[in-house]
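The values are calculated or read from the model by the stated rules, or taken from the named source; none is laboratory data. This structure is a prediction, so every number in the text was calculated from the model and none was measured. Here the Cβ positions follow ideal geometry from the backbone for every residue, glycine too, while neighbour counts run over all protein chains shown. For the accessible areas, the whole protein counts, side chains as well, though only heavy atoms, and no ligand, DNA or RNA atoms are used. Shrake-Rupley method; radii C 1.70, N 1.55, O 1.52, S 1.80 Å.
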Amino acid sequence: STMRKRKTADSPHSSTDLSEGKEKLRLKQEVGLISGVSLIAGTMIGSGIFMSPEWVLHHMGSPASSLLIWAACGLLATFGALSYAELGTIIKESGGEYIYILRIFGSFPAFLFAYTSVILVRPAGLAAVCLSFAEYAVAPFYPGCSSPQVVVKCTAAACILLLTIINCLNVRLAMSIMNIFTAAKLLALLVIVVGGLVLLANGQTQSFQNAFQNTTAGIGAVGVAFYQGLWSYDGWNNLNYVTEELKKPEVTLPRAVMIAIPLVTCLYLLVNVSYLAAMTPSELLSSKAVAVTWGDKVLGSWAWLISLSVALSTFGSSNGTFFSGGRVCYIAAREGHMPDILSMAHVRCLTPSPALLFTSAMSLIMIMSGSFTSIVNFFSFIAWLFYGMTISGLLYLKIKKPELPRSYKVPIIIPIIVLMAAVYLVVAPIIDQPQTEILYIVLFIFSGIILYFPLVHFKRHPRFLQRVTLHLQLLLEVAPTTRDAN
């Protein structure tokens, strides 16, 4: 059949028959500590920190409260990542939330997550970041006017196709590009930080006088401000998608988290302080691109460096999103929740190229349709719905199965805080300002039921799919892989 039911036991031989004489394909362990830190930080630092600050300030109403939101978002991302690090040392498989939900709660909720993530969330997120990259990349060619949408969309599509080629060719090449672009964007943020410190030293502190004045106190407004801030921190869980490709995951996973997320949080806070030193709150709120306005005010004729930095930053973030997003599709297919062809790897490059090509195709559809904007606005709603489910799974394992071997333990209070935050982030905007788009998203998630029962539960597959799979195997030069139990 084209969708295989895999064994779900956690034993090292659950997907490998050692009596077979033939060699089996598996993805290489190419991701070390530096690459792990780079994958987390490089995906987190995308367009968000250059675009979101005005929206956080808009919803919170005052500079000091907006800085508190940025700090709280960083703390929440750190707590979430530390909780995920423990899950990654108990369930040493790639796939992030998908594999944890599958192993703890079972097949049906895991399928709903995979269906939503592979079809909607990951492609929409990738399309959004690539369009941000395209906006900044083509802006210098259209000075004084807005760039034509067809040019922006074609540039974004070219970005996705380039990322597809890079990630299909070699994991090490993709990680090298990730490391280079992460270094470049960290340098760009340091330029903004140093510029802000110089402004503060020169006495430009007017934004920080009566800093809590006009603060908004509504639970819905705070929740939406969190959404905007957390969009900039998205990617804190990226390393859990590639656990099987980590060198010494039990050591690398917690260490990479503890280095990357506090580093990004400190940078984000200092960058926001720099923005507020260069601009008054009203100037910041009226800016369409905060970083560019900052560059015009502080760097003068060198302001083009900021546009270049944002383009580099968004390209690097797109690479990280693409790298991990393709793995969710690959793992879901390996577990029988997606067509079999998506669970295969290239016989020479050892990359999950069919899954990457599928993710690429879905992202291109999102770009061409142009209807993804509302989806991205509610990205955090879907994400925190499943984050909450995953964290509740960790609490279940900590309480009911404390005997499970784990090389790293997080204090139980941390996942409890994350779960409470997840419930708040899902419920608060619905109570405060109910919107029909949220209903559409919930309906889309549960529309997966229509596919789950005939295709996965009862395994009713059209016969022609087997022939299609064989032809695609020959065309793409791919073969089935085995799970790497670390």
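Values for this structure:
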| read-out | value |
| --- | --- |
| Debye equation applied to the C-alpha atoms of the range 408-486, log10 I(q)/I(0) at 0.11, 0.19, 0.23, 0.24 Å⁻¹ | -0.72, -0.96, -1.08, -1.12 |
| Radius of gyration and maximum dimension Dmax of the chain, Cα, Å | 22.4, 74 |
| Solvent-accessible area of Ile449 with every protein chain in place, 1.4 Å probe, in Å² to the nearest 10 | 60 Å² |
| 222 nm mean residue ellipticity, helices alone, for the chain (DSSP H n ≥ 4; -39,500 (n - 2.57); rounded to 500) | -22000 deg cm²/dmol |
| Within the range 171-267: Cβ-based charge dipole about Cα centre, in debye rounded to nearest 20 (Lys, Arg +1; Asp, Glu -1) | 220 debye |
| Estimated translational D of the range 275-328 in µm²/s (Stokes, Kirkwood radius over Cα pairs; 25 °C; 0.890 mPa s) | 193 µm²/s |
| Full-stretch length increase - Leu451, Val198 - with 0.36 nm per residue and alpha-carbon distance subtracted | 85.3 nm |
| When each of Lys401/Lys459; Lys248/Lys401; Lys248/Lys398; Lys247/Lys398; Lys248/Lys409; Lys92/Lys400 is checked by Cα-Cα distance, pairs over 27 Å | Lys401/Lys459 |
| Tyr440 accessible area, 1.4 Å probe, all protein chains in place, Å² to nearest 10 | 140 Å² |
| Hz values of 3J(HN,Hα) by residue in the range 93-99 - Karplus curve (6.51, -1.76, 1.60), Gly and Pro given as x | 10, 6, x, x, 3, 4, 6 |
| Cα→Cβ-extended label distance, 7 Å offset, between Glu437 and Ala64, nm | 3.2 nm |
| Heavy-atom accessible area ranking, 1.4 Å probe, most first, across Met362, Met389 | Met389, Met362 |
| Neighbour count of at most 14 Cβ within 10 Å plus DSSP loop: longest GluC sites (Glu not before Pro)-free window in the chain | 24-402 |
| Sequence-separation-based contact order of the chain, relative, with Cα cut under 8 Å and 6+ spacing, percent | 35 percent |
| Principal axis box of the range 82-220, alpha-carbon based, largest edge first, Å | 58, 42, 32 |
| Relative pair counts by distance (%), Cα atoms of the range 230-289, 10 Å bins | 18, 35, 24, 15, 8 |
| Derived scalar couplings ³J(HN,Hα) [the range 60-71; Karplus, 6.51 cos²θ - 1.76 cosθ + 1.60; whole Hz; x for Gly, Pro] | 8, x, 9, x, 5, 5, 5, 5, 4, 5, 4, 5 |
| Cα→Cβ-extended label distance, 7 Å offset, between Ala158 and Ile416, nm | 5.5 nm |
| Rounded to the nearest 10 Å², the accessible area of His346 at probe 1.4 Å | 20 Å² |
| Residue order for Phe50, Phe444 - accessible surface, 1.4 angstrom probe, largest first | Phe444, Phe50 |
| Rounded to whole Hz, the Karplus (6.51, -1.76, 1.60) HN-Hα couplings of the range 470-480, x for glycine and proline | 5, 5, 5, 4, 5, 5, 8, 6, 10, 9, x |
| Electrostatic dipole magnitude of the chain [Cβ: Lys, Arg +1; Asp, Glu -1; Cα centre; debye, to 20] | 1300 debye |
| Farthest positive-ward along the chain dipole, Cα basis, beta-carbon charges - from Ile165, Ile306, Val193 | Ile165 |
| Dipole of the range 33-478, positive direction: furthest Cα of Gly125, Gly320, Thr205, with charges on the beta-carbon | Gly320 |
| Fraction of accessible area attributable to carbon and sulfur, the chain (%, probe 1.4 Å) | 67 percent |
| Computed E for Ile119/His471 - FRET, C-beta separation, R0 25 angstrom, nearest 0.05 | 0.60 |
| For the chain, with +1 on Lys and Arg beta carbons and -1 on Asp and Glu, the positive-most of Val242, Phe381, Cys145 along the dipole | Val242 |
| The range 436-481 - accessible surface per residue (Å², probe 1.4 Å) | 74 Å² |
| The range 390-454, dipole about Cα centre (Lys/Arg Cβ +1, Asp/Glu Cβ -1), debye to the nearest 20 | 480 debye |
| Inter-label distance for Ser369 and Leu395, nm, one decimal - labels placed 7 Å from Cα along Cα-to-Cβ | 3.5 nm |
| Exposure ranking of Val224, Val418 by accessible area [1.4 Å probe, largest first] | Val224, Val418 |
